[in-house]
1. Which ones in the stretch 114-146 are more than 25 Å from A61 (Cα to Cα) and touching a residue at least 40 places away in the same chain (Cβ under 8 Å)?
2. Which of the residues that make up the stretch 83-109 are surrounded by fewer than 12 Cβ atoms within 10 Å (Cβ to Cβ) and either closer than 24 Å to E144 by Cα or among the polar types (S, T, N, Q) (or both)?
3. So which residues in the stretch 81-108 are free of Cβ contacts under 8 Å to residues at least 12 places away in the same chain and over 20 Å from the mean Cα position of the chain (by Cα)?
4. Could you tell me how many of the residues in the stretch 150-181 are more than 25 Å from L76 (Cα to Cα) and assigned to a helix (DSSP H, G or I)?
5. Quick one: is I112 closer than 21 Å to V209 by Cα and out of contact with any Cys (no Cβ under 6 Å at 6 or more places or on another chain)?
6. Taking the condition of being more than 15 Å from the chain's Cα centre (by Cα) and more than 13 Å from V212 (Cα to Cα), how many residues in the stretch 132-148 meet it?
7. Among the residues of the stretch 62-80, write down those that are farther than 22 Å from E144 by Cα and over 15 Å from the mean Cα position of the chain (by Cα).
8. Against the condition in contact (Cβ under 8 Å) with a residue 40 or more places away in the chain, more than 18 Å from V196 (Cα to Cα) and in contact with a Ser or Thr (Cβ under 9 Å, 6 or more places away or on another chain), how does A111 come out, does it pass?
Amino acid sequence: MGPPPERPPPLPARFFDLYSSAPRIGDDPELHDGRERGTPHQTGRWPTHVFVEWLPPADLADSLERILPADASSLLHSPYGAQLPLHVSLSPPLMLATDDKEPFLESLWEAIDDVSSFTITFTGLRWLTNTAGTREFLALAVTESQELIRLLEQTASVCRSMAYETFSQKNPQLHVSIAWRLPGNAREGSQEEVPVLAQELLDSLRADVDTVKVKIGRVIHRKSL
């Protein structure tokens, strides 16, 4: 019996930008595994999200996959086993007016022009609930850094200057979600049952950030740091 087949090489970083979303199939929760769209579709508005992305090494993604609770859906891999990129949100979901798309990007790129590349580390796992209370997320808590806080503050400043929403909390809980579930799917008392993450694995999780991304509609815009 020969050696096991080698894992295929990772996909280029820009691949996920080209295939970042599935075709729109409506807002009905029954079409989205029971999930409710947080920001319903609005004619003349463009769903927008500012974030930094992280694709962990495949072996670390597999290690995280193995500790996910049985009642949670993975954000680490697709149902077909393909690894998925993770992210840290720098803005809440926005709905940009058509005339604001270019000014928003120009203002944001200028505002973060002095931020250099950096590395994100993590402090552990926790359960978080979205603002609407419709989904729970198992998340890696992010260690705050000067660069990350600068990106967060400058993104919020641009949003406020154009009368768009910012995070409701003064100090939002920065995180990387690795799984989700509907609140009704949680076993009684399981909200506090956080999977054990070995210190060795936690210490090995490091996300190198050299790009900020803005998704407007289905198009990904990038700025290198």
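1. Result: V115, S116, T131, A132, G133, T134.
2. Residue satisfying the conditions is T98 alone.
3. Passing the criteria: D99, E102, E106.
4. Qualifying residue count, the stretch 150-181: 10.
5. For I112, the condition - closer than 21 Å to V209 by Cα and out of contact with any Cys (no Cβ under 6 Å at 6 or more places or on another chain) - is met.
6. Number of matching residues: 7.
7. Listed by number, the residues that qualify are D62, S63, E65, R66, I67, L68, P69, A70, D71, A72, P79, Y80.
8. yes
The values are calculated or read from the model by the stated rules, or taken from the named source; none is laboratory data. Since we're looking at a predicted model, the values are computed, not measured. Cβ: placed from backbone, ideal geometry, glycine included. Neighbour counts: every protein chain shown.
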